[in-house]
Amino acid sequence: MIQIFTTGGTIDKVYFDANSEFEVGHSLLPELLSESNIHEGYRLRELLRKDSLEMTDDDRQQVLAAATECDCGRIIITHGTDTMADTAAVLSGLKDKTIVLTGAMQPARMRRTDAVFNVGFAWAAVQLLPPGVYIAMNGEVFEAGAVRKNLKAQRFERT
């Protein structure tokens, strides 16, 4: 069984024409998993519904507590990309579980999104990687504490 926690971020953003802003909406993760033909073998729980730039230390502690208390040895966390590395670093003390954070550079609701690929990639990664905390984005896996988001290039890279 794989536990999936959602925290919000770009993957779950909704665009409203009326005010020309994005807001974090209900997670599309159930649809993304279904489109990938993944229908069982997971539990889904929403922890937060925030842009990662709005996440606080208390929010990260909430994610840590949920991961710590979880009885699953494999966990996927959807997260905003801007502070994903920060949350991964907070989780890095959990040595007995395989935890993979993923997200998207473009909202899942958009036609040209990396969300479906990233979720599928995280699904495979969480099953294949040894215990530890990782970020799985755009076909690459990074260990917590050794990754940063390159804002200019819009990708993750090793530090």
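Read the figures in this text as sums done on the coordinates, not as results from a lab. Every value quoted in this text rests on a predicted model; they were computed, and no experiment measured them. No Cβ is skipped: glycine too gets one built from the backbone with ideal geometry, and neighbour counts run over all protein chains shown.
The range 33-70 and the range 108-147 have Cα centres separated by 14 Å.
Along the range 24-40 the Karplus relation, 6.51 cos²θ - 1.76 cosθ + 1.60 evaluated at θ = phi - 60°, assigns HN-Hα couplings of 6, x, 4, 5, 8, 4, x, 5, 4, 5, 4, 4, 8, 6, 9, 10, 8 Hz to successive residues, with x for each Gly and Pro.
Note on the range 87-159: Kirkwood hydrodynamic radius from all Cα pairs is 12.6 Å, rounded to one decimal.
Whole-Hz Karplus values for the range 71-76 come out as 8, 8, x, 10, 9, 10 Hz, taken residue by residue from phi with 6.51 cos²θ - 1.76 cosθ + 1.60 and θ = phi - 60°; glycine and proline positions read x. Here's the list of lysines a cross-link from LYS13 could span, going by alpha-carbon distance under 16 Å and ignoring same-chain residues fewer than 8 apart: LYS50. The relative contact order of the chain comes to 24 percent, based on Cα pairs under 8 Å that sit 6 or more residues apart.
As an exercise, take the mean of 1/r over every pair of distinct alpha carbons in the chain, invert it, and state the Kirkwood radius in angstroms. Intermediate results must be reported in sequence, preceding the final value.
Numbers: mean 1/r = 0.0651 Å⁻¹.
Evaluated on the chain, it is 15.4 Å.
Are there trypsin sites (Lys or Arg not before Pro) in the range 94-148 that DSSP marks as loop and that have at most 14 other Cβ atoms within 10 Å, and which are they? Answer by residue number: LYS95, ARG111, ARG112. The aspartates and glutamates within cross-link reach of LYS152, meaning a Cα-to-Cα straight distance under 13 Å and a gap of 8 or more places when in the same chain, are ASP82. With the helix formula -39500 (n - 2.57) applied to DSSP H stretches of n ≥ 4, the chain reaches a computed 222 nm mean residue ellipticity of -8000 deg cm²/dmol.
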